[in-house]
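Comments concern the structure below.
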Amino acid sequence: MDQLWLKEEDLQEVLKEHFLPVKTEFLQTSPKVYYLSVDEKHDNSERDYLKKFLFAANTFPLYLSLYLETNNVEEYLTDFDALSLEYNVQYSLEKRIYHSSGRIRSFYHPAYITVKFMDIDTLSQIINDTYIQAVMNDFYAISSINNVQFHYKKRTAVVPLKPNSFYISIGHDGHGFYLFSNEKRYSSINMVMENLPAETELTQINDKLVKEWE
């Protein structure tokens, strides 16, 4: 049983930079936003609940967008190719230095990648492999739209959220996630509660423990 804290947030407050790892801008829309976080029974509790939430949402295709500032871009692309995933990669013009040993060094370019998923099993596998980027507070988002943009120099995500869609951004250090949506099923905190994964126990709603609501 996952013990969940669910909080309805003020959009403008959340968009302040201290809430999200990167600055985020929504174009021509003001979605509802909620924060979801589970008690950490083990190191991967937050990651695993995200996967359960996406399974319950049952929306496809979904798109994982991430910005890799490390030198392991090719490793990820190899994994995507092995699974025959459709993806788009854009390398930044900025050049980074990677010191491998002693005086040996190589250069690499950070990359912005968007990967398309059509099923939860493949998405879960890739989340397992890539969630460390969210823990490191790199840009990491999952959405039902495929045109999220990331401007690396400004560390800003631009989200043209369409009707009946959602966008998820991971909290600092991989703790919890923010759900932005204009879908009817997430139009109020009560509606969100009705669409949570099975085996979810709400322990806190907004700033009150559930027992205080009863």
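The values are calculated or read from the model by the stated rules, or taken from the named source; none is laboratory data. Treat the numbers as computed from the prediction; the structure is a model and nothing was measured. Heads up, the Cβs are rebuilt from the backbone with ideal geometry, glycines too, and the neighbour counts pull from every protein chain shown. Ligands, DNA and RNA are excluded from the accessible area calculation, which covers all protein heavy atoms including side chains. Shrake-Rupley method; radii C 1.70, N 1.55, O 1.52, S 1.80 Å.
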Selected residue (criterion: surrounded by the fewest Cβ atoms within 10 Å (Cβ to Cβ)) from residues of region 152-169 that are of a type in the set (A, V, I, L, M, F, W, C) and closer than 16 Å to Tyr112 by Cβ: Val158
Filter region 1-24 for residues that are part of a strand (DSSP E or B) and open to solvent by less than 20 Å² (accessible area, probe 1.4 Å); the one that is modelled with the lowest pLDDT is Thr24
Filter region 182-197 for residues that are part of a helix (DSSP H, G or I) and in contact (Cβ under 8 Å) with a residue 24 or more places away in the chain; the one that is nearest to Asn164 (Cα to Cα) is Tyr186
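Out of Ile189, Ile168, Ile145, report the one residue that is under 27 Å from Tyr67 (Cα atoms) and at pLDDT 95 or above. Lay out the reasoning, then the answer.
On the way: Ile189 fails: under 27 Å from Tyr67 (Cα atoms); Ile145 fails: at pLDDT 95 or above.
Just one listed residue meets the conditions, Ile168.
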Options Glu194, Glu183, Glu199; residue that is charged (D, E, K, R), open to solvent by less than 30 Å² (accessible area, probe 1.4 Å) and more than 13 Å from the chain's Cα centre (by Cα): Glu183
Let me spell it out: the conditions are (1) at pLDDT 95 or above; (2) out of contact with any strand residue (DSSP E or B) (no Cβ under 7 Å at 6 or more places or on another chain); (3) not β-branched (Val, Ile, Thr), and Phe177 meets all of them except one. Which number is the exception? (2)
Hey, Tyr140 hits all of (1) under 18 Å from Tyr34 (Cα atoms); (2) in contact with an Asp or Glu (Cβ under 8 Å, 6 or more places away or on another chain) but one; which does it fall short on? (2)
When you look at Ser124, is it open to solvent by 10 Å² or more (accessible area, probe 1.4 Å), modelled with pLDDT under 95 and either polar (S, T, N, Q) or in a loop (DSSP other than H, G, I, E, B) (or both), yes or no? no
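Given the criterion surrounded by fewer than 13 Cβ atoms within 10 Å (Cβ to Cβ), closer than 22 Å to Ser165 by Cα and touching a residue at least 60 places away in the same chain (Cβ under 8 Å), identify the matching residue among Leu27, Leu66, Leu54.
Details: Leu66 fails: surrounded by fewer than 13 Cβ atoms within 10 Å (Cβ to Cβ); Leu54 fails: surrounded by fewer than 13 Cβ atoms within 10 Å (Cβ to Cβ).
Of the residues listed, the single one that is surrounded by fewer than 13 Cβ atoms within 10 Å (Cβ to Cβ), closer than 22 Å to Ser165 by Cα and touching a residue at least 60 places away in the same chain (Cβ under 8 Å) is Leu27.
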